[in-house]
């Protein structure tokens with residue numbers, strides 16, 4: 001969050017020219033070492049400002065140190081750079097590479113070292129030191145290196161000009177879900193932080209300067225990143241904002257997209273009715289405006305809800321329709337996804353040979369187009385099919401491959417699914433210790449991300465294992481807990497489990 | 001002088017991070033008992049005779065503790081028979097990774113170098129095998145060919161120790177290995193020898209160690225174990241109090257205000273006696289009444305500014321427009337480092353002097369924005385609660401308040417000088433916090449406007 005909006009509104013707004021003048025005077029007047037922070041979000045603008053300072057103070061030797069990779073100790077690095085140099089000001093850029101936007105600042109090595117070496121700088125540097133930082137990094141230093149921050153002589157705040165904000169939004173968003181979802185977790189978190197900062201800055205803009213297209217791009221991007229790390233509630237928030245703007249400016253395609261995406265998020269949260277509602281609205285708009293890809297996606301999505309509700313025949317129907325459109329318009333990603341969904345439906349219908357065939361096609365397409373999440377899903381689904389065929393070792397191999405990818409890209413939802421499945425496979429092999437371990441991990445993950453289905457499955461599995469181990473009371477408690485969840489989310493497993501519990505768990 | 005030269009001079013006279021030397025020292029006696037504290041410390045030393053005194057000295061970061069201690073050292077050296085050894089432990093310790101032995105080592109080094117520089121007192125190294133061994137880690141001291149030098153483990157070497165964790169481990173291992181001697185007992189033997197020499201060779205009879213910056217050591221962390229050697233504030237001042245009070249001469253320790261006001265703090269007098277001195281903020285407004293200035297405090301802050309302006313070739317009325325000065329005085333909350341920084345910042349916000357109201361606001365704005373970014377979400381309501389309270393007190397056992405004292409979100413005041421009891425201590429929200437949106441919101445939430 002930009003902190004400018006956090007100060008009382010009767011302060012005069014920041015003004016770049018004024019800040020720059022102050023900064024120049026600070027260089028001019030400083031006769032010894034002082035510490036300054038210069039807050040500016042973009043490196044190109046930082047460069048321009050530093051060039052301005054140099055132009056204004058011709059003849060003054062000034063040194064710019066730009067780090068291009070993470071460092072842990074600024075003092076040591078600076079000593080290497082400025083030793084023996086005659087300079088009257090040192091500008092440091094690139095510290096953001098060392099300050100992750102995610103994670104806690106108190107575990108960051110650079111910040112820690114800054115905090116303990118606060119007084120050392122003046123012993124090695126007889127001229128003022130300016131640290132140029134994007135706002136998020138400055139806030140981290142304020143919070144986690146308070147001693148260091150407290151010895152500053154001042155901070156200069158430079159704005160992100162409106163044209164820049166929208167320009168940057170267009171530059172920094174990627175609308176390709178396959179690319180987004182395939183990024184490693186750390187990269188996703190970094191992107192989210194950048195996008196959130198941009199959004200906050202955008203929201204601080206004057207109304208006239210706002211650009212709805214840019215805002216929508218930003219919102220849907222944020223929603224997609226949130227979805228990709230299983231932050232479904234957050235995704236819903238962003239999609240709803242996106243939906244509101246689409247309606248406000250009568251942008252039908254955008255409206256249909258956000259409706260579909262809302263459906264996806266609610267499906268993940270097992271709110272099936274809501275999901276169907278959104279999907280159908282989205283489908284109607286896609287058909288109305290002739291958006292074939294949108295139509296195909298909605299059909300596939302509806303297939304997924306019916307699948308989740310155990311209506312496999314209906315699910316297959318929808319997926320076949322969706323598949324046909326994807327092939328017609330040459331959408332490889334959509335084609336792969338439909339094939340995968342069909343595979344899963346056939347697994348549940350007991351047609352394992354057919355299922356494996358579909359999943360292998362899905363896997364091949366995913367690898368071909370570099371869709372990591374599709375790759376992980378198909379591997380996991382292959383594992384399920386082999387499990388049904390009682391080929392436990394093979395199943396475990398597939399699950400582990402799938403798990404590795406989910407972890408890499410931070411897809412916690414799929415991670416918990418793989419964990420549950422590994423638990424089942426080990427249970428079937430009679431390795432109860434491992435089975436319990438995996439199910440407990442999965443239970444934790446599911447609870448953390450609010451995946452009720454996964455939570456129910458893990459509890460169900462744990463109950464089964466304890467029953468087999470003869471711990472009947474413990475088993476029944478777990479199974480009853482699982483049943484409550486299954487009923488709440490209308491899982492097809494609910495009936496079977498209810499009957500079982502009624503029969504075996506009477507006190 | 002040209003305007004620009006004057007501005008440059010002002011800018012460099014208001015350096016926020018260096019304690020005031022004798023040129024800049026201003027005694028805020030009336031508004032917080034500055035020199036009264038110093039006088040009291042000296043009186044007690046003089047009347048203590050043979051007993052070694054321990055003082056605890058506390059106050060906010062940047063409130064002027066170091067300035068007072070330097071002033072004290074100056075007075076002691078000029079007016080008493082106590083030879084002061086002022087140690088800025090920031091030069092000796094890694095605050096996150098410090099042991100008791102590191103502190104002893106700092107004391108030995110500083111005493112040795114002060115006595116050598118001032119009186120050319122050098123001590124026989126044979127009797128201090130452990131110190132000699134430690135000095136060996138730093139290499140070529142003997143090359144200088146001076147007997148007695150091992151004691152003077154020069155600051156340059158200590159710097160190495162502070163920044164090099166490996167070397168630190170080696171030194172610690174060596175101290176541990178030595179079963180015959182402990183660094184603690186060598187320190188005490190050393191102090192006794194030094195004091196003997198002082199009596200024989202100088203006009204001084206005793207030492208007084210002024211251990212500054214110890215309050216900057218890291219706070220207690222979860223998972224910290226009893227047997228860990230790395231000390232936190234709590235562990236040092238409470239857990240190691242036996243050693244700290246066992247040092248064979250007079251010592252002043254700086255303790256963190258946040259620790260002193262925490263539930264641990266109530267135990268401190270058990271170990272250190274009643275000699276606890278608190279340096280509060282300069283009282284700048286009346287208790288609980290932010291808009292009613294306390295004239296004496298205001299004058300004392302002006303005195304601080306005047307002292308710093310003295311060598312800049314100008315005067316206060318030429319530097320500030322009246323409303324600008326009043327604004328800075330009010331919004332520094334009596335915290336001296338903030339005041340100094342405000343003036344420094346304001347001086348670059350104008351093309352020409354005097355500093356106007358707009359420029360004054362500019363410097364305060366920076367502080368407001370920093371607080372807005374750093375105050376934790378859960379603190380806002382507590383800040384609003386303090387603001388709305390009728391007695392301006394905080395809950396001493398509440399860790400959040402102690403963290404807010406540490407970060408200066410809350411400031412501590414006393415009602416006058418010569419205060420012995422804690423009854424007259426009160427608290428106020430840092431004035432800059434009043435200008436954040438979140439604080440205003442929390443306050444409004446706490447005191448909803450009456451419905452008509």
**Prompt:** Per-residue mean of other chain beta-carbon atoms within 10 angstrom of the beta-carbon, peptide A:142-151?
**Reply:** 5
**Item:** Angle in degrees between helix B:3-13 and the longest Cα principal axis of chain B, rounded to the nearest 10
**Value:** 50 degrees
**Request:** Calculate how steeply helix A:432-449 sits against the longest principal axis of the alpha-carbon atoms of chain A, using the helix alpha-carbon long axis, and give the answer as 0 to 90 degrees to the nearest 10.
**Result:** 60 degrees
**Asked** Taking the convex hull of the alpha carbon atoms in chain B, what volume per residue do you get, in Å³?
**Response** 169 Å³
**Request:** Averaging sequence separations of C-alpha pairs under 8 Å and six or more residues apart, then dividing by the length of the range B:35-279, give the relative contact order as a whole percent.
**Result:** 33 percent
**Prompt:** Kirkwood hydrodynamic radius (Cα pairs, Å) of the range A:411-507?
**Reply:** 13.1 Å
**Item:** Per-residue mean of C-beta atoms belonging to partner chains within 10 Å, peptide B:4-17
**Value:** 4
**Message:** For chain A, what does the relative contact order come out to in percent, with C-alpha contacts under 8 Å and a separation of six or more?
**Reply:** 10 percent
**Fill in**
Between the alpha carbon centres of the range B:237-255 and the range A:482-504 the gap in Å comes to 66 Å
**Message:** Output the 0 to 90 degree angle, nearest 10, between the alpha-carbon long axis of helix A:332-348 and the longest principal axis computed from the alpha carbons of chain A.
**Reply:** 40 degrees
**Request:** At 0.36 nm per residue, minus the direct Cα-Cα distance, what do residue A:233 and residue A:391 gain on full extension? Give it in nm, one decimal, please.
**Result:** 53.1 nm
**Item:** Computed label-point distance, nm, for sites residue B:318 and residue A:367 using a 7 Å Cα→Cβ extension
**Value:** 8.2 nm
**Message:** How far apart, in nanometres, would the label points at residue B:270 and residue A:480 be if each is projected 7 angstrom from Cα along the Cα-to-Cβ direction?
**Reply:** 4.8 nm
**Asked** For the residues B:282, A:151, what sequence is obtained by ranking on other C-beta atoms within 10 Å, fewest first?
**Response** A:151, B:282
**Fill in**
Taking the alpha-carbon centre of each part, the distance from the range B:315-356 to the range A:287-324 in Å is 69 Å
**Cβ-based exposure ranking for A:22, B:162, B:376, in which fewest neighbours within 10 Å come first** = B:376, A:22, B:162
**Item:** Largest-first principal axis extents, alpha carbons of the range A:16-160, Å
**Value:** 41, 35, 26
**Message:** What is the distance in Å between the Cα centroid of the range B:39-70 and that of the range A:132-151?
**Reply:** 33 Å
**Message:** Restricting everything to alpha-carbon atoms, can you work out Rg to Rh for the range B:58-110 with a Kirkwood hydrodynamic radius?
**Reply:** 1.03
**Asked** What's the FRET efficiency of residue A:248 with residue A:440 using the Cβ-Cβ distance as r and R₀ = 35 Å, to the nearest 0.05?
**Response** 0.15
**Message:** Give me the base-10 log of I(q)/I(0) for the protein assembly as shown at each q in 0.04, 0.07, 0.09, 0.10 Å⁻¹, Debye formula, one uniform scatterer per Cα, rounded to two decimals.
**Reply:** -0.27, -0.76, -1.07, -1.18
**Diffusion constant of the range B:323-378 at 25 °C, which comes from Stokes-Einstein with the Kirkwood Cα-pair radius and 0.890 mPa s, µm²/s** = 213 µm²/s
**Message:** Can you compute the FRET efficiency between residue A:351 and residue A:469 using 1/(1 + (r/R0)^6), with r the Cβ-Cβ distance and R0 = 41 Å? Round to the nearest 0.05.
**Reply:** 0.80
**Message:** If I model a spin label as a point 7 Å beyond the Cα along the Cα-Cβ vector, how far apart are those points for residue A:408 and residue B:307 in nm?
**Reply:** 6.5 nm
**Message:** Can you tell me, using C-alpha contacts under 8 Å and at least 6 residues apart, the relative contact order of the range A:16-160 as a whole percent?
**Reply:** 41 percent
**Fill in**
Computed on Cα atoms only, the convex hull of the range B:35-279 has an orientation-averaged projected area in nm² of 13.1 nm²
**Fill in**
Assertion target for A:274, A:80, ordered by fewest C-beta neighbours within 10 angstrom first, is A:80, A:274
**Complete:** What one gets for chain A as the Kirkwood radius, inverse of mean 1/r over different Cα pairs in Å, is 26.0 Å
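Laboratory data are not the source of any read-out in this text; all were calculated from the coordinates shown. Treat the numbers as computed from the prediction; the structure is a model and nothing was measured. Note that we place each Cβ from the backbone using ideal geometry, even for glycine, and neighbour counts take in every protein chain shown.
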